[in-house]
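Visitor: Below is a structure I'd like to ask you about.
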Amino acid sequence: RLKMIPMTSSDFEHFVDTSSADYVEQCRLSGLPSLATSQLQARGNVQALLPLGLATPGHYLMLLQEEDSGASVGEIWFGEVTEDGLTSAFLYDLTIDAAYRRRGFAGAALELLLEEARLRGLGSVSLNVFAHNTAAQALYRKAGFAASEITMVREL
């Protein structure tokens with residue numbers, strides 16, 4: 001079993017570093033120069049979304065912890081977003097540490113997220129996923145997510 005526990009300040013600093021680095025790598029792997037970003041730009045994007053860090057209202061930054069062993073297996077960041085008068089959850093980041101991948105933790109984390117969204121009275125959960133990340137797409141489809149829009153680009 002898996003549980004979510006709030007990040008500490010030191011967890012948050014580590015998360016910002018690793019999440020920003022991963023975002024830069026995912027942009028690079030996309031193969032699109034238009035998505036190229038630096039670590040500094042990626043950190044700036046996170047700071048713009050979380051101006052008060054862990055205290056930013058409507059944002060939840062959690063460690064994913066295995067209940068039996070107490071081992072931290074990853075992190076999840078989601079927030080509440082309001083559009084056209086409807087408030088829903090948005091999954092900004094879900095990371096399972098390399099040593100714990102392919103063991104069902106990502107699916108369990110999504111179930112925790114869906115339950116948390118239900119408890120908060122939110123009607124849906126949305127996310128973005130890079131097109132090259134077919135493993136993540138398969139995970140999200142298996143969890144019941146469906147594409148609501150697809151952005152396509154042709155570099156010239």
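Visitor: Identify, from the list G58, G53, G85, the residue that is at positive phi and surrounded by 15 or more Cβ atoms within 10 Å (Cβ to Cβ).
Guide: On inspection, the qualifying residue turns out to be G53.
Visitor: Does the range 62-75 include one or more residues that are part of a loop (DSSP other than H, G, I, E, B) and more than 27 Å from K142 (Cα to Cα)? I'd like the intermediate steps shown before the answer.
Guide: Going residue by residue through the range 62-75, those that are part of a loop (DSSP other than H, G, I, E, B) are 67-71.
Then keep just the ones that are more than 27 Å from K142 (Cα to Cα); that gives none.
Within the range 62-75, not a single residue is part of a loop (DSSP other than H, G, I, E, B) and more than 27 Å from K142 (Cα to Cα).
Visitor: Any idea which of (1) of a type in the set (D, E); (2) open to solvent by 70 Å² or more (accessible area, probe 1.4 Å); (3) in a strand (DSSP E or B) is the one D93 doesn't satisfy?
Guide: It fails just one condition, (2).
Visitor: Something else now. For the range 99-125, how many residues are outside any helix (DSSP H, G or I) and either on the phi < 0 side of the Ramachandran plot or surrounded by 15 or more Cβ atoms within 10 Å (Cβ to Cβ) (or both)?
Guide: Filtering the range 99-125 down to residues outside any helix (DSSP H, G or I) leaves 101-104, 120-125.
Adding the requirement that they be either on the phi < 0 side of the Ramachandran plot or surrounded by 15 or more Cβ atoms within 10 Å (Cβ to Cβ) (or both) leaves 101, 103, 120, 122-125.
Count: 7.
Visitor: If you go through the range 18-44 one residue at a time, how many are under 18 Å from L91 (Cα atoms) and touching a Lys or Arg at 6+ places or on another chain (Cβ under 8 Å)?
Guide: 1
Visitor: Just to check your reading of the model, which residue among A109, A42, A48, A98 is under 22 Å from Q26 (Cβ atoms) and touching a helix residue (DSSP H, G or I) at 6+ places or on another chain (Cβ under 6 Å)? Full working, then the answer.
Guide: On the way: A109 fails: touching a helix residue (DSSP H, G or I) at 6+ places or on another chain (Cβ under 6 Å); A48 fails: touching a helix residue (DSSP H, G or I) at 6+ places or on another chain (Cβ under 6 Å); A98 fails: touching a helix residue (DSSP H, G or I) at 6+ places or on another chain (Cβ under 6 Å).
Going through A109, A42, A48, A98 in turn, the sole match is A42.
Visitor: Then there is this: For the range 127-153, give me each residue that is open to solvent by less than 60 Å² (accessible area, probe 1.4 Å) and touching a residue at least 40 places away in the same chain (Cβ under 8 Å).
Guide: F130, N133
Visitor: Tally time: how many residues in the range 2-22 are surrounded by 14 or more Cβ atoms within 10 Å (Cβ to Cβ), touching a helix residue (DSSP H, G or I) at 6+ places or on another chain (Cβ under 8 Å) and closer than 13 Å to Y60 by Cα?
Guide: Total satisfying the criteria: 3.
The values are calculated or read from the model by the stated rules, or taken from the named source; none is laboratory data. Predicted, not measured: the structure shown is a model, and the values here were computed from it. Reconstructed Cβ throughout: ideal geometry from the backbone, glycine too, with neighbour counts over all protein chains shown. Side chains included, ligands, DNA and RNA excluded: accessible areas come from the protein's heavy atoms. Shrake-Rupley method; radii C 1.70, N 1.55, O 1.52, S 1.80 Å.
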